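Visitor: What follows is a single structure, and I will ask about it in a moment.
The values are calculated or read from the model by the stated rules, or taken from the named source; none is laboratory data. Everything numeric here is computed off the predicted structure, so don't read it as measured data. Cβ sites come from the backbone with ideal geometry, for glycine too, and all protein chains shown count toward neighbours.
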Amino acid sequence: MSKRFLLTSLAVLAFTGSSLAQAGCDGSPLPDYMHHIKDELRAVSSDIKSGDNQAAAEGVSKIITLFKKSREETPYLFKEENLQGAELAKKEKAYQGVVDDTIGVFKSLETALKANDMAQVKTLLGKVGQQRKIGHSSFKTSC
């Protein structure tokens, strides 16, 4: 595994902006959660770069907590589209599913970091990027 690739992957993830939501559209805490996730990814990147996988795992744990909180919020896009009833319920279920999948990837990443399994860390960082793309394409809006 290329350490350069790993660090580049982490940097890309950390600097891609918030995930699954757009900041400041409706006063919900969701944009703040996503901002904090971005900040924690930066810290995780720094910890891995310095070889401190334990600190990186602790950062990932914080990210998991933020995603669990985010799961209970409604993306602004749903309000912007004025979704109601069954359509809103369907979209909320899809959003929660993506968040749940993302949490699962981060839990696996936390385990890999604790085990110092850098090959698995590399693979899981790629999956984090995939989850980000899914979330952004499905639930992010500009306002």
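Visitor: Just one of 105, 98 is touching a residue at least 60 places away in the same chain (Cβ under 8 Å), among the hydrophobic types (A, V, I, L, M, F, W, C) and out of contact with any strand residue (DSSP E or B) (no Cβ under 9 Å at 6 or more places or on another chain); which is it?
Guide: That would be 98, the only listed residue that is touching a residue at least 60 places away in the same chain (Cβ under 8 Å), among the hydrophobic types (A, V, I, L, M, F, W, C) and out of contact with any strand residue (DSSP E or B) (no Cβ under 9 Å at 6 or more places or on another chain).
Visitor: Sticking with this one: Where in segment 9-101 are the helices (runs of 4 or more DSSP H), entirely inside, with at least 2 residues that are surrounded by 15 or more Cβ atoms within 10 Å (Cβ to Cβ), modelled with pLDDT of 95 or more and within 13 Å of the chain's Cα centre (by Cα)?
Guide: Answer list for segment 9-101: 30-49, 53-71.
Visitor: Can you confirm whether segment 121-138 contains a residue that is on the phi > 0 side of the Ramachandran plot, surrounded by fewer than 19 Cβ atoms within 10 Å (Cβ to Cβ) and part of a helix (DSSP H, G or I)?
Guide: no
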